[in-house]
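Nothing in this text is a laboratory measurement; each read-out follows from the coordinates by a stated rule. The model shown is predicted, which means the values in this text are computed figures rather than measured ones. We place every Cβ from the backbone using ideal geometry, glycine too, and count neighbours over all the protein chains shown.
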Amino acid sequence: IDKTEDEGKELANAISTLETRIEANQQDITALKGGIKELAQSIKDLDKAVEEATAQRKAEHEAYVEEAANNNAALDLLGMAKNRLAKVYSPETYEEAPKRELSDEEKISEAYSFVQLGDAPEAPPAVAGHANADAGGVVALMANIINDLKKEMQENEFAEKDAQEDYEKLMADSKKKRAEDSSAKAEKEGALADAESELLEQTSEKKDREGEDMANKQYLSKLHADCDWNLENYDSRKEARAEEVESLKKAKDVLNGADYSLLQVETKPATLLSKSREQSCLASDMDHRRMLQARMALLQGFCEDM
């Protein structure tokens with residue numbers, strides 16, 4: 001009984017330990033699932049931010065290219081206008097436009113214009129002092145406009161360069177963070193798989209231990225019932241054994257020459273007990289009694305032959 005009770009205590013401790021481990025493992029699994037979900041959402045948000053930043057950078061670059069082309073065209077046009085004004089108001093600063101070879105269509109168009117209009121009228125004669133007076137106004141104004149446009153184009157170029165550098169840095173940081181999040185997510189997924197596998201093993205082991213504990217309790221209950229029956233029937237069993245010993249002694253005396261012609265073996269009826277308990281707890285006693293009765297029969301037969 002003590003051994004069975006000790007085994008029961010060990011099983012109870014083992015089950016309690018498994019329950020604690022299962023609870024801790026379940027908490028770890030919940031935490032891992034939450035971490036994986038957060039990392040997946042972080043990666044998703046990062047990809048969306050990168051996509052939006054790329055679309056914005058593309059639009060900004062296209063706008064810059066278009067504005068730069070327009071500014072260059074305006075700059076060329078302003079330069080031509082300034083040069084034409086300089087021809088009238090400041091001849092010394094006038095620059096002859098470089099000659100280029102005309103296409104066939106341009107040659108035909110130019111010849112047709114001479115036929116229709118004849119020679120172009122000469123420019124009006126410059127008035128003394130008038131050119132120098134206006135040169136500092138109109139020509140200077142055109143020069144200021146051109147300088148402002150060049151300054152604006154330069155600022156746009158610097159802004160485009162800074163925007164491109166910021167975009168490239170954002171892409172590099174995003175790529176690094178995505179790699180880190182992906183690695184952390186994969187690591188957590190591996191830990192989750194291990195935890196779930198361990199939880200399955202712990203649950204199975206707990207179930208086995210609970211089965212063993214139930215069987216141990218049933219066996220212990222049966223032991224207590226058997227021992228209680230033995231205690232309750234100790235006196236009657238002791239008396240029956242004494243009678244069996246006395247019968248053996250008489251049988252021995254017969255073998256030694258004693259006259260027990262009326263020797264009979266007296267047996268008392270069995271106590272009214274439960275058949276199931278008697279079969280389980282007195283099996284050894286019954287076997288021993290049968291053996292003694294067989295020996296008595298053998299001895300009686302031997303005495304009759306003598």
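In a shell of Cβ-Cβ distance under 12 Å around residue 38, excluding residue 38 itself, what net charge do Lys and Arg (+1) and Asp and Glu (-1) give?
After counting each charged neighbour, the total is +3.
How high is the FRET efficiency from residue 174 to residue 149, r the C-beta distance, R0 41 Å, rounded to 0.05?
Step by step, r from the Cβ atoms, then E = 0.65.
Between residue 63 and residue 189, what length comes free when the chain is fully extended (0.36 nm per residue of separation minus the Cα-Cα distance, one decimal in nm)?
40.9 nm
If one computes the Cα centroid of region 1-66 and of region 165-208, what distance in Å separates the two points?
7 Å
Over 32 Å between C-alpha atoms is what I'm after, so list which of 37/206; 33/217; 58/177; 58/188 land there.
33/217; 58/188
Contour minus end-to-end for residue 52 and residue 246, with contour as 0.36 nm per residue of separation and end-to-end as the Cα-Cα distance?
So the chain would gain 59.0 nm between residue 52 and residue 246.
Enumerate the residues in region 6-33 having an amide nitrogen under 20 Å from the point lying 7 Å beyond the Cα of residue 199 toward its Cβ.
So the set is 15-33.
What shape does region 1-42 take by its C-alpha gyration tensor, where a ≥ b ≥ c are the square roots of the eigenvalues and a/c under 1.5 counts as rounded, a/b above b/c as prolate, and the rest as oblate?
In terms of gyration-tensor shape, prolate.
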